[in-house]
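Shown next, in structure tokens, is the structure this report addresses.
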Amino acid sequence: MLPEHRQICDCLSGPGDVMFFRIGSSMFLMVLMAACRPGPAGPVGGNCVYRTGLTPVAQPFILPGRPGSPLEPGQTPVIPETIGIHEYSPSKQISEYLVNLTVGGKELGFVADTGSSSLVVLGDRSICSNCESVSGVYTKSVDGMQFSHEFQVQYGSGQATNILFSDTVQFPCDPTDPLPKYQFGVVKNNNGLPNILGLAYPSLVQPNGLSKPILPLFDQFLTTHLDKAQDIIGITLCGDRPGSAIVFGGPDERITAQQRSGMIWVPIQKDPNRNTYNFYNIDALHVSVDGWKKDGSGKWVQDDFAKNTVLGDFGGAGSRGQLLTFVDTGSTLNRMPVKMNNEITALLKEVNIKTGANISPTFFDSTGLEGQAADIRADTVRLFPTFHLHVKIQSPNAGSDIASLAWPPEIYFKKNPPVASSNRRLFSFRNGSGAYVLGQAFLENWYVEHDRGQGRLGFYPNETLCTQDVGPAADVRP
């Protein structure tokens with residue numbers, strides 16, 4: 001999740017269409033409905049498929065001192081074609097991808113977050129004195145158990161104090177196969193956090209130090225399906241397009257063999273200070289742009305022959321004291337090195353002037369979470385350049401161990417809310433603090449395969465995947 005809202009434990013603490021849970025020859029599919037419209041039923045591949053709904057929302061986090069509650073079913077959302085909106089201030093909304101889990105027999109929506117590892121849920125007022133009594137909070141079932149242990153999770157908006165609970169947790173697509181007595185945190189004091197499903201590595205799980213360590217939900221899921229599952233999470237985020245998907249236990253079967261042969265494989269970096277996996281860190285090198293360069297006075301000028309003009313570097317990964325760069329589905333925006341961020345901002349301001357795009361200059365001076373949203377038509381967005389993120393890859397690509405990942409303006413000018421009918425966009429670049437983060441405003445251009453078993457991330461352009469609804473909840477086992 002965004003540094004403002006998400007757990008990163010020791011360094012700092014962010015719309016779609018489909019979610020799959022794949023267990024080797026079996027697959028669980030969860031649908032992130034971009035415009036909340038059901039698609040056709042039926043399997044995605046030849047395997048046994050379970051499907052259930054996932055909801056993309058323009059969902060602002062409710063900051064401390066700004067009470068609010070989610071819309072109840074049947075209520076009219078503030079933004080057309082979206083549901084589940086938490087409203088606290090006009091035009092200050094961020095997008096998240098939500099997956100439904102059943103906790104203690106109650107179905108709840110969770111932010112699917114590769115930037116944290118714990119399962120954290122809001123409690124009802126018998127647990128959380130200032131939580132809203134609405135359908136989106138956890139109520140202990142007859143099988144639930146509350147422990148005396150309390151623990152804190154650090155988020156950018158403050159610390160969340162949680163009470164340790166255990167209860168049944170299951171995917172709605174397979175109610176006959178719950179994880180019994182899974183341990184998770186129930187927020188004791190609501191400071192505006194949503195329910196969060198953490199998908200990063202076990203080293204980040206809170207609370208730590210228990211006699212029997214808690215595993216992240218996906219890792220716990222793997223232990224019960226070792227004969228079928230692979231240690232893979234495949235993720236496609238499509239923004240306002242249909243087709244977003246998260247696949248647990250195997251790759252997204254919509255990726256063909258030919259497409260897989262063209263995937264860019266990037267090693268997942270261990271935390272150099274602890275020599276362990278925590279986030280999905282990569283060795284990001286620098287960001288470049290074509291068609292623009294600096295003249296002798298240091299001013300940005302357009303040059304159709306300029307290639308690979310470097311905008312700044314990340315400082316490298318793998319050595320102690322270096323900040324790492326990680327990909328994070330729970331973050332809406334991107335956290336960049338300060339110098340790089342300043343260069344990107346200066347360039348885009350100059351492009352804005354030279355092309356006559358006429359976007360308000362305050363749009364590019366955004367700070368904090370929401371920033372200055374602006375209505376920007378698609379033809380105006382296309383006036384801006386495509387950036388290229390250069391990364392170290394696992395195996396040589398045409399004789400090089402470096403590859404570039406395209407970062408077009410349609411992605412870095414983040415559509416928010418994530419609906420086709422809206423032209424509302426956010427400037428997605430922010431100064432990094434404690435870590436560098438590639439959020440949805442980068443990931444919505446890619447299918448990313450988190451191949452944890454091989455210690456690598458696979459990247460493939462997602463345009464062929466973000467074209468069709470996969471469908472509503474269905475059990476299509478033969």
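The values are calculated or read from the model by the stated rules, or taken from the named source; none is laboratory data. Worth saying up front: this structure is predicted, and the values here are computed from it rather than measured. Glycine also receives a Cβ, built like all others from the backbone with ideal geometry; neighbour counts cover every protein chain displayed.
Overview of results
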item	result
Extreme residue, surrounded by the most Cβ atoms within 10 Å (Cβ to Cβ), among residues of the range 193-237 that are under 15 Å from HIS450 (Cα atoms) and of a type in the set (A, V, I, L, M)	LEU237
Any hit, the range 389-402, residues being in a loop (DSSP other than H, G, I, E, B), loosely packed, with under 15 Cβ neighbours inside 10 Å, of a type in the set (A, V, I, L, M, F, W, C) and modelled with pLDDT under 95	yes
Single residue of THR224, THR309, THR236, THR276 found to be touching a helix residue (DSSP H, G or I) at 6+ places or on another chain (Cβ under 6 Å) and over 16 Å from VAL437 (Cα atoms)	THR276
Residues that are assigned to a loop (DSSP other than H, G, I, E, B), of a type in the set (D, E, K, R), at pLDDT 85 or above and surrounded by fewer than 24 Cβ atoms within 10 Å (Cβ to Cβ), drawn from the range 422-478	ARG452, GLU463
Test: LEU347 is closer than 22 Å to HIS286 by Cα, outside any helix (DSSP H, G or I) and touching a Phe, Trp or Tyr at 6+ places or on another chain (Cβ under 6 Å)	no
Subset of the range 90-109 that is outside any strand (DSSP E or B) and over 14 Å from ASN416 (Cα atoms) - its residue that is modelled with the highest pLDDT	GLY104
Index of the failed condition, VAL310 passing every other in (1) under 22 Å from GLN440 (Cβ atoms); (2) out of contact with any Leu (no Cβ under 7 Å at 6 or more places or on another chain); (3) of a type in the set (A, V, I, L, M); (4) assigned by TED's automatic domain parsing to the domain that holds GLN394	(1)
Residue among PHE171, PHE248 that is at pLDDT below 80, within 18 Å of the chain's Cα centre (by Cα) and closer than 25 Å to GLU96 by Cα	PHE248
Meets criteria (acidic (Asp, Glu), in the same structural domain as ASP304 (by TED's automatic domain parsing), in contact with a strand residue (DSSP E or B) (Cβ under 7 Å, 6 or more places away or on another chain) and at pLDDT 90 or above) for GLU410	no
Any chance PRO267 is under 29 Å from GLY455 (Cβ atoms) and out of contact with any Pro (no Cβ under 9 Å at 6 or more places or on another chain)	yes
Test: residue in the range 248-268 that is buried (at least 21 other Cβ atoms within 10 Å of the Cβ) and in contact with a Ser or Thr (Cβ under 6 Å, 6 or more places away or on another chain)	no
Single unsatisfied condition, ASP219 versus (1) in a loop (DSSP other than H, G, I, E, B); (2) closer than 19 Å to GLY198 by Cβ; (3) acidic (Asp, Glu)	(1)
Qualifying positions in the range 251-282 - in a loop (DSSP other than H, G, I, E, B), over 19 Å from the mean Cα position of the chain (by Cα) and not small (Gly, Ala, Ser)	GLU253, ARG254, ILE255, THR256, MET263, PRO272, ASN273, ARG274, ASN275
